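Colleague: Okay, here's the structure, questions in a sec.
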Amino acid sequence: MRSLSLLLLSASCALIISLAYAHPPEGVWKKKLTWKEDWVQVWKTVKKEAWETKWKKVSVPIWKEVKVPVWKEEKVPDWKIVKKPKIEEREVPAWKEVKVAEWKKITKPIWVPTKVAVWKEIQVPIWKEVQVPYWKEIQVPIWKEVQVADWKQMFEPQWVKMGIPGEKFLGKDHEGWEYTSHDLWRKKLIWKPVWKKVWRTEKKQEWKTEKKQEWRTEKKQEWKTEKVQEWKQDKKLEWKDEWIQVWKPVKKQIWIKEKRETWIEEKVQIWRTEKRQVWATEKRQAWKDEWQSVNVPVWKEVKVQEWKKVWKPVWEKVWVPVSHGHGWD
């Protein structure tokens, strides 16, 4: 720790000695005009909306009670003669159909089972030779266009510098002195041969795989229709005599009860509606003048404070170094 403090002390002393013996740069102090940014407070006139109270005469609706005649319906009792239906029962003769049994001879068809010879079609397999197409892969030559690099000689225009020997007259000035020149240079257009790479289209033979259709013989199974005799169970229609019981309708007299409708008079009480005049209170609308205050918008000019950015000139003192010329610049 002590060695570190001695090292720092020696370094600071060396720095002070070097600054004391160092030569300051030569120069002069000059004034420089610069513009400094500043904010100043200004007042701006703006219009602000305000409300002004005014009085306005308006008509206000009011309700007024008046007496008006009205008709009122009331129920009054009364008597009315009405006719009502009455049902009376009595017996009357009538004819009724009844069923009477009797026997009747009929011929009835019956089915008798028999056997009948029939021909039945069956499918018998047979083999048949057929030609079947199939695809075979073959190689076919084709021509394909390819790009081949080639060099072609071309001529490009180029300007070259060419000298003209001898003395040339260029003109006179305003005092009559002649201007001449010697060994003038002029431009000459020549064509320079250059070799450029171009692409030439050539045809190249390649082989392409294609499918060719060929035929081969194969055996195919088919079905042949043949007829075979069989015996089938069938029915034969025959007729047989038979007695059956049937029912014959006959008429028989009976007595039935019948209801007859008659009308009887009866006195019933009813209520009749009558109208009677009465006085009722009714509200009618009328108008009354009143003064009402309303707020009217007006524009008022007020002063508003705001900040404005300005630039002010300021003279600053700057140090300008002086350089001594040694003829080497």
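Any read-out appearing in this document is the output of simple, stated calculations on the displayed coordinates, not a laboratory observation. Keep in mind it's a predicted model, so treat the numbers as computed, not measured. Cβ placement follows ideal geometry from the backbone for every residue including glycine, while neighbour counts extend to all protein chains displayed.
Colleague: Along the charge dipole of the chain, pointing to its positive end and built from +1/-1 on Cβ of Lys, Arg, Asp and Glu, which listed residue (Gln153, Trp215, Ser293) has its Cα farthest out?
Modeller: With unit charges placed on the Cβ atoms, the residue in question is Ser293.
Colleague: About the Cα centre of the chain, how large is the charge dipole given +1 on each Lys and Arg Cβ and -1 on each Asp and Glu Cβ? Please answer in debye to the nearest 20. Each step should come with its number before you reach the end.
Modeller: On the way: 74 positive and 49 negative charges, 360 e Å.
The calculated dipole for the chain is roughly 1720 debye.
Colleague: Please report, in whole Å³, the volume per residue of the convex hull around the C-alpha atoms of the range 234-288. Provide the component values of the computation, followed by the final result.
Modeller: Details: hull volume 23.7 nm³, N = 55.
Hull volume over Cα atoms, normalised by residue count, gives 431 Å³.
Colleague: Okay, next question. Under 26 Å between alpha carbons, and skipping anything fewer than 8 positions from Lys30 in its own chain: which lysines qualify?
Modeller: Once the sequence-local lysines are set aside, what remains near Lys30 is Lys312, Lys317.
Colleague: Go ahead and collect, in residue order, the members of the range 47-72 whose backbone nitrogen is under 12 Å from a label point 7 Å along the Cα-Cβ direction of Arg284.
Modeller: 64-69
Colleague: Moving to a separate point now. Under 21 Å Cα-Cα from Lys44, which lysines qualify once same-chain neighbours fewer than 8 residues away are excluded?
Modeller: Lys300, Lys303, Lys308, Lys309
Colleague: Roughly how many nanometres apart are two label points built 7 Å out from the Cα toward the Cβ at Lys317 and Lys257?
Modeller: 14.8 nm
Colleague: Right, next: Please list, or write none, the aspartates and glutamates whose alpha carbon is within less than 14 Å of the alpha carbon of Lys204, excluding same-chain residues fewer than 8 places away.
Modeller: Within reach: Glu145.
Colleague: Enumerate the amide H contacts of Leu184 below 5 Å, restricted to partners 5 or more residues apart or on another chain; note that Pro and chain-start residues carry no placed amide H.
Modeller: Ile164
Colleague: Ok, one more. Over the range 44-104, what portion of Cα pair distances is larger than 17 Å, expressed as a whole percent? Don't skip to the answer; put the middle values down first.
Modeller: Values: 1541 of 1830 pairs.
Beyond 17 Å sits 84 percent of the P(r) for the range 44-104.
Colleague: Hey, another quick one. Could you line up Leu184, Leu170 from fewest to most neighbouring Cβ atoms inside 10 Å?
Modeller: Working: Leu184 13, Leu170 9.
In increasing order of surrounding Cβ atoms, one gets Leu170, Leu184.
Colleague: Here's another thing I want to ask about it. Sort Glu175, Glu301 so the one with the fewest other Cβ atoms within 10 Å of its own Cβ comes first. Display every interim value, and only then the final one.
Modeller: Working: Glu175 5, Glu301 8.
Ranked by crowding around the Cβ, least crowded first: Glu175, Glu301.
Colleague: Can you tell me the length gained on complete extension of the stretch Val66 to Gln221, counting 0.36 nm per residue apart and subtracting the Cα distance?
Modeller: Working: separation 155, 0.36 × 155 = 55.80 nm, distance 11.68 nm.
Extra length available between Val66 and Gln221 comes to 44.1 nm.
Colleague: Normalised by the number of residues in the chain, what is the relative contact order in percent for Cα pairs under 8 Å and 6+ residues apart? Display every interim value, and only then the final one.
Modeller: Values: 583 pairs, mean separation 151.2, N = 329.
Averaging sequence separation for qualifying contacts and normalising by length gives 46 percent for the chain.
Colleague: So, in Å, what gap is there between the alpha-carbon centers of the range 111-134 and the range 37-71?
Modeller: For the range 111-134 versus the range 37-71, the Cα centre distance is 111 Å.
Colleague: Among Trp271, Val82, Gln205, pick out the residue whose Cα is farthest towards the positive end of the charge dipole of the chain, where Lys and Arg carry +1 and Asp and Glu carry -1 on C-beta, about the Cα centre.
Modeller: The one lying farthest along the dipole's positive direction is Val82.
Colleague: Quick one: angle between helix 2-21 and the longest Cα principal axis of the chain, in degrees between 0 and 90, rounded to 10, please.
Modeller: 60 degrees
Colleague: Among Val132, Trp231, Tyr179, whose Cα lies farthest out toward the positive end of the dipole of the chain, if unit charges sit on the beta carbon of Lys, Arg (+1) and Asp, Glu (-1)?
Modeller: Checked the options; the winner is Trp231.
Colleague: Still on this model: Gain in length, Trp159 to Lys232, computed as 0.36 nm per residue apart minus the alpha-carbon separation, to one decimal in nm?
Modeller: On the way: separation 73, 0.36 × 73 = 26.28 nm, distance 11.87 nm.
Gain on stretching Trp159 to Lys232: 14.4 nm.
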